[in-house]
Amino acid sequence: MAILPVVKYPEKVLTTRTRTVERITDQERRLVRDMIDTMYAESGVGLAANQVGVSLQIFVASADQVRGKELVAINPVIIRKEGVIREFEGCLSIPEFYEPVKRSRKVRLRALDLEGRTYEMDGEGLLARIFQHEIDHLNGVLFVDRLGPIKSRLSKSRLLRRRPRMTGGA
Ligand code: ZN
């Protein structure tokens, strides 16, 4: 078990698209275990690999925070979306910053599990939001990029000037 440091905005690894996972080896399995430990340690509901400095298409999620029931998504994509909903969002890489973000209300995720098997999963509510937030991370996109051009620019310049104290989010 290892809790990894969470990379904070504006580190470059957060704004760079991550690489596709070609093979799932012990190294990826260890990374996933550490990401799960880190997510719970930070009270997050989701965590992308580049948030712990590893540029790979992997995220973990736990909408209900129940240990042993977390979701592992490797090379994830959203294959269907439905509806629109605007709700407050936060991010472990941007501590103490919450803004409403427009997302699809319902999505279907397609990904590989740790055994390399393809699965599909429907997400609604918080789970749908986590899927979209984490896949954005893997594409080098942060939720502050989704606030609209003016608000996004203002938020980023504000974030660059402050010193965060606490964490919370995904
Ligand atoms: Zn995040």
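We did not get these values from a lab; they are worked out from the coordinates using the rules stated. Computed from a prediction, not measured in an experiment: that's the story for all the values here. Positions of Cβ are backbone-derived with ideal geometry, glycine not excepted, and every protein chain shown enters the neighbour counts.
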Calculate one ³J(HN,Hα) per residue across the range 7-23 by plugging θ = phi - 60° into the Karplus curve 6.51 cos²θ - 1.76 cosθ + 1.60, and present them in order as whole Hz with x for glycine and proline. 5, 10, 4, x, 4, 5, 4, 7, 10, 10, 5, 7, 8, 5, 7, 8, 9
Under a Cβ-only charge scheme (Lys and Arg +1, Asp and Glu -1), can you give me the dipole magnitude of the chain about the Cα centre, in debye to the nearest 20? 780 debye
Identify which of Q57, Q65, Q27 has the largest mean-square fluctuation in a Gaussian network model of the chain, with springs joining Cα atoms closer than 10 Å. Q27
With θ taken as phi - 60° and the coefficients 6.51, -1.76 and 1.60, list the Karplus ³J(HN,Hα) couplings across the range 37-49 in order, rounded to whole Hz; mark glycine and proline as x. 4, 5, 4, 5, 4, 8, 6, x, 9, x, 8, 9, 4
Given the DSSP H assignment, sum -39500 (n - 2.57) over each helix run of at least 4 residues in the chain and divide by its residue total; what's the result at 222 nm in deg cm²/dmol, nearest 500? -8000 deg cm²/dmol
Alpha-carbon centroids, the range 111-167 and the range 1-66: separation in whole Å: 13 Å
Relative contact order of the range 1-63, defined on C-alpha pairs under 8 angstrom at six or more residues apart (%): 43 percent
Which far-off residues, 5 or more places away or on another chain, put their amide H under 5 Å from the one on G53, with H placed in the peptide plane? V7
May I ask you to evaluate 6.51 cos²θ - 1.76 cosθ + 1.60, the Karplus curve with θ = phi - 60°, for each residue of the range 56-72 and list the ³J(HN,Hα) values in order in whole Hz, giving x for glycine and proline? 9, 6, 9, 9, 10, 8, 8, 5, 9, 6, 9, 4, x, 10, 6, 9, 10
For the range 12-161, compute the number of Lys pairs whose alpha carbons are separated by less than 17 Å, excluding pairs fewer than 8 positions apart on the same chain. 4
Can you find, among M1, A128, S157, the residue farthest towards the positive end of the dipole of the chain? Put +1 on the C-beta of Lys and Arg, -1 on that of Asp and Glu. S157
